[in-house]
Amino acid sequence: MAEKKKKEKITYVDDGRTIADMSGVQGGASKYFRNDHPSYSTGKEKWTTFFDAFRMMLLPTAVFGGALLVLFGLMYLLFKIM
């Protein structure tokens, strides 16, 4: 009879390349989504970030809106003539 090969046991080595701390995973994900989870940014920082993003998008939005208005005006004149 042929000998059966023994299955090699795989050993995993932690190389520290995880994205998040996985030490508390045994308790389930509900542990991380409680309401008492601490917030790491203040309200002032959140509003500052919001207004910075708003200011950055104001010019591109205005240009796109202007282009739509010009296109609408041209189409209006074109169909009014016909």
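Rule-based calculations on the coordinates, nothing more; no lab input. Keep in mind it's a predicted model, so treat the numbers as computed, not measured. Counting neighbours? That spans all protein chains shown, and the Cβs are built from the backbone with ideal geometry, glycine included.
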Label model pair F72, A53: point-to-point distance (7 angstrom along the Cα→beta-carbon line) in nm is 2.7 nm
For M82 and E3, extending 7 Å from Cα along the Cα-Cβ vector and measuring point to point gives, in nm, a value of 8.7 nm
